[in-house]
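Report on the following structure.
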Amino acid sequence: MSSYRQMTERLMSRAGTIARERESDITESILREAADEIKSNGRKPAPEPPEGGISIRAAGRKYRIPNRTISRWVNKGYIKLLKETKNCKYISEAEFAELISAYLSDSITGRRTITKAIEILKINNN
């Protein structure tokens, strides 16, 4: 990990470069921009999810289901994939929430198998 002095030098160096490109002095907004660039480590921010969509990672956190399980369900076709980027897959949140509701609907054991949840959804939708 970098020392405080190294991080400060890196920040001031980047802020100086930005200021020279704009032919201005180093301002607070330039310092913030430089800090954001350094913090992001050159990565682009994640794209916005499609309308009504949620990333597999966010769905796993929100509904407390392991990401690998959700990915497996997507691969088996239980959940429709809305969009796929290099590092992220997006699914329909409404469809996923409905599947999770059916999956967790057994009050005795607390869980059902996914195939039973799919059967419940098919019966309810017909």
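Derivation of every value follows stated rules applied to the coordinates shown; laboratory data play no part. All values derive from a computational prediction rather than experimental measurement. Positions of Cβ are backbone-derived with ideal geometry, glycine not excepted, and every protein chain shown enters the neighbour counts.
The length gained on full extension between Glu9 and Lys76, counted as 0.36 nm times the residue separation minus their Cα-Cα distance, comes to 19.1 nm. Compute the label zone of Glu51 within segment 68-96: residues whose backbone N is under 19 Å from the point 7 Å along Cα-to-Cβ. Taking a point 7 Å out along Cα→Cβ of Glu51, the residues of segment 68-96 whose backbone N falls under 19 Å are 80-84, 90-96. Converting phi to 3J(HN,Hα) with the Karplus coefficients 6.51, -1.76 and 1.60 and the offset θ = phi - 60°, segment 17-23 yields 4, 4, 4, 5, 4, 8, 6 Hz in sequence order, with x at every glycine or proline. Straight Cα distances below 22 angstrom link Lys89 to the lysines Lys44, Lys62, Lys76, Lys80, with same-chain residues fewer than 8 positions distant left out.
Close amide H partners of Gly53, meaning residues 5 or more places away or on another chain with modelled amide H under 5 Å apart, are Glu93.
Backbone phi angles across segment 85-91, fed through the Karplus curve with coefficients 6.51, -1.76 and 1.60 (θ = phi - 60°), yield HN-Hα couplings of 10, 4, 10, 8, 10, 10, 10 Hz in residue order; Gly and Pro are listed as x. Each label point was placed 7 Å from the Cα along the Cα-to-Cβ direction; for Glu21 and Asn67 their separation is 3.0 nm.
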